[in-house]
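A short worksheet on the structure shown next.
Computed from the coordinates by the stated procedures, all read-outs in this text should not be read as laboratory data. Model, not experiment: these values are computed from the prediction. Please note: Cβ atoms are built from the backbone with ideal geometry, for glycine as well, and neighbour counts cover all protein chains shown.
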Amino acid sequence: MPAPDGPRVSIDGHTRLAFLLGYPVSHSASPAMHRAAFAAAGVNGAYLPWAVAPAHLPAAVEGLRSMENLLGANVTVPHKEAVVPLLDDLTPEAEAIGAVNTVIPRSGRLVGDNTDGAGFLAALQEELGCRPEGLTAAVLGAGGAARAVAAALARRGVRRVVVVNRTASRAEALAAHLTARCPGCDIAVQTLHSSWQASQVPEIRLLVNTTSVGLHPGDPPLFDYDSLPAEVVVADLIYRPAETPLLRAARRRGCRAANGLGMLVHQGALAFECWTGVPAPVQAMRDAVGS
Ligand code: NDP
């Protein structure tokens, strides 16, 4: 197998290890991103994809506990929720989201954090100049990414979050979860279908696509894209392809719009900082994943 492109990893007796636990993990951009970060920041670390079948997740977490040179771990689909009861503590972010994407070893304990939501907010501000405080937002989807985005928006002071999902029961479950944890934010639900219109959300200023629609060429429109007013900021969590049909339509209608690459980079940068205690080389991480 040819060696991957990018900075060379030099492993010695002092190298500290970080892992990505997921199933599958072969598609992930995170190993390249963190390899570049270690090289740019001069951290003696290695980041390894670890394909863990669901039945073996408890054993994998025990394996992390046994590793005295553990730097940390990321957790991805399908383990973000299943890992919660296997850890010792949760940060308030992970608690609010109900899922973990980052594990931090701290004084012999494993702490579960979630940097997806904060990564999303950082990208929203950096790439779209959008500060969501006081706004009304529509979050399309009710899966794992929607939980992180909606909780981050609610905790940041968004006035109203409308969860719009194809399966109504999933939207209602997410709304109930958020209402219990973020009492200052008004949470509502709507059903997503191809003729749904942005105007169904009064005073909408932000629309976030967290569904997987747009990943594959030929995916049908998620809703009536011609209903997007120009003043709505549009964020799509998908980053490959770089421009989804939703983003293309949003830009055509005059909306500010960005894909999910910034969120990917910032959630990784926040995890890197938790593990190493040094500022993340954000530009090197961004360059490694292609922007
Ligand atoms: P989940 O499987 O947990 O959720 C998928 C969501 O997509 C559900 O709400 C599902 O609706 C909806 N959906 C799927 N197909 C359709 C369809 N044909 N029509 C309407 N809705 C549909 O996935 P995740 O939440 O983990 O990830 C979602 C997306 O976010 C992925 O594309 C992923 O790559 C991206 N992502 C990006 C990140 C980044 O850093 N940029 C981070 C995390 C995720 P239903 O409930 O009805 O099935």
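About the Cα centre of the range 143-291, how large is the charge dipole given +1 on each Lys and Arg Cβ and -1 on each Asp and Glu Cβ? Please answer in debye to the nearest 20.
Working: 16 positive and 11 negative charges, 36 e Å.
Value, rounded to 20: 180 debye.
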### Query
All other residues with a Cβ under 13 Å from the Cβ of Ala118 taken together, and with Lys, Arg as +1 and Asp, Glu as -1, what is their net charge?
-3
### Query
FRET efficiency for Gln197 and Ala242, Cβ-Cβ distance as r, R0 = 25 Å, nearest 0.05?
0.45
### Query
Could you give the distance between the Cα centres of the range 257-291 and the range 51-128, to the whole Å?
16
### Percent of beta bridges antiparallel (DSSP, the range 19-103, rounded to nearest 5)
20
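Would you mind ranking Phe223, Phe272 by Cβ crowding within 10 Å, fewest neighbours first?
Working: Phe223 23, Phe272 29.
Placing the least packed residue first, the sequence is Phe223, Phe272.
In percent, what relative contact order does the chain have, based on Cα pairs under 8 Å that are 6 or more apart in sequence? Write out the running numbers ahead of the final one.
On the way: 599 pairs, mean separation 48.6, N = 291.
Dividing the mean separation by the residue count of the chain yields 17 percent.
Let me know the charge dipole size of the chain about its Cα centre in debye, to the nearest 20, where only the beta-carbon of Lys, Arg (+1) and Asp, Glu (-1) is charged. Please list the in-between numbers first.
Values: 24 positive and 25 negative charges, 56 e Å.
Magnitude of the dipole: close to 260 debye.
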### Query
Residues with beta-carbon under 15 Å from that of His56, excluding His56: net charge, scoring Lys, Arg +1 and Asp, Glu -1?
0
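Among DSSP beta bridges whose residues both lie in the range 1-145, state the antiparallel percentage, nearest 5.
Numbers: 7 of 21 bridges.
Of those bridges, close to 35 percent are antiparallel.
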### Query
Helix 168-181 versus the longest principal axis of the chain: what is the Cα-based angle in degrees, 0 to 90, to the nearest 10?
70
### Query
Taking only DSSP H segments of four or more residues, each worth -39500 (n - 2.57), what value at 222 nm results for the chain once the sum is divided by all its residues, to the nearest 500 deg cm²/dmol?
-10500 deg cm²/dmol
